[in-house]
1. Of Ser61, Ser36, Ser66, Ser73, which residue is of a type in the set (Gly, Ala, Ser) and in contact with a Lys or Arg (Cβ under 7 Å, 6 or more places away or on another chain)?
2. Looking for something under 27 Å from Thr3 (Cβ atoms) and not basic (Lys, Arg) - is there at least one such residue anywhere in region 79-89?
3. Residue under question is Leu70, and the condition is that it be on the phi < 0 side of the Ramachandran plot, free of Cβ contacts under 8 Å to residues at least 40 places away in the same chain and of a type in the set (A, V, I, L, M, F, W, C); does it hold?
4. Return the only residue of Lys33, Lys23 being loosely packed, with under 10 Cβ neighbours inside 10 Å, at pLDDT below 90 and out of contact with any Leu (no Cβ under 7 Å at 6 or more places or on another chain).
5. Here are some conditions: (1) at pLDDT 80 or above; (2) farther than 27 Å from Gly76 by Cβ. His40 meets all but one. Which one does it not meet?
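The values are calculated or read from the model by the stated rules, or taken from the named source; none is laboratory data. Nothing here was measured: the structure is a model prediction, and the numbers come from that model. No Cβ is skipped: glycine too gets one built from the backbone with ideal geometry, and neighbour counts run over all protein chains shown.
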Amino acid sequence: METCPHCGASISVGDKTCLECGKRITSKKPVYKGKSYFLHRVIAFFIPLLGLILFILQRHSNPLASKITLKWSFIGLLFYFILFALVILFYVFIIIGILT
């Protein structure tokens, strides 16, 4: 399976047009024009809510980069949930007296 360079939808190998967006498929990999979206991904990881806002703002202008930003927002959110659970467990163990 490949992905559409325009919208990121899954397409079959050899398809000439995307069934989702209807655009013609070229054999080249998508190239991001202009700025790098690395900073968006870092922001999305450390501040997931801001990553969601960035996704909403850029989803029409650059759908592939916006999906990657959204993915990093979810990864960051998962990281914070795990970190929160570990901190809670640590304090519970201290209260019970296991780690003292």
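1. Details: Ser61 fails: in contact with a Lys or Arg (Cβ under 7 Å, 6 or more places away or on another chain); Ser36 fails: in contact with a Lys or Arg (Cβ under 7 Å, 6 or more places away or on another chain); Ser73 fails: in contact with a Lys or Arg (Cβ under 7 Å, 6 or more places away or on another chain).
Going through Ser61, Ser36, Ser66, Ser73 in turn, the sole match is Ser66.
2. Filtering region 79-89 for residues under 27 Å from Thr3 (Cβ atoms) gives 79.
So of that shortlist, the ones also not basic (Lys, Arg) come out as 79.
Yes, the conditions are met somewhere in region 79-89.
3. Against the criterion (on the phi < 0 side of the Ramachandran plot, free of Cβ contacts under 8 Å to residues at least 40 places away in the same chain and of a type in the set (A, V, I, L, M, F, W, C)), Leu70 qualifies.
4. Numbers: Lys23 fails: loosely packed, with under 10 Cβ neighbours inside 10 Å.
After applying the criteria, what remains is Lys33.
5. All conditions pass for His40, except number (2).
Each row is one residue, and each column tells you yes or no for (1) modelled with pLDDT of 90 or more; (2) of a type in the set (S, T, N, Q); (3) touching a Phe, Trp or Tyr at 6+ places or on another chain (Cβ under 8 Å).
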position: Pro5; (1), (2), (3): no, no, no
position: Asn62; (1), (2), (3): no, yes, yes
position: Lys71; (1), (2), (3): yes, no, no
position: Ile98; (1), (2), (3): no, no, no
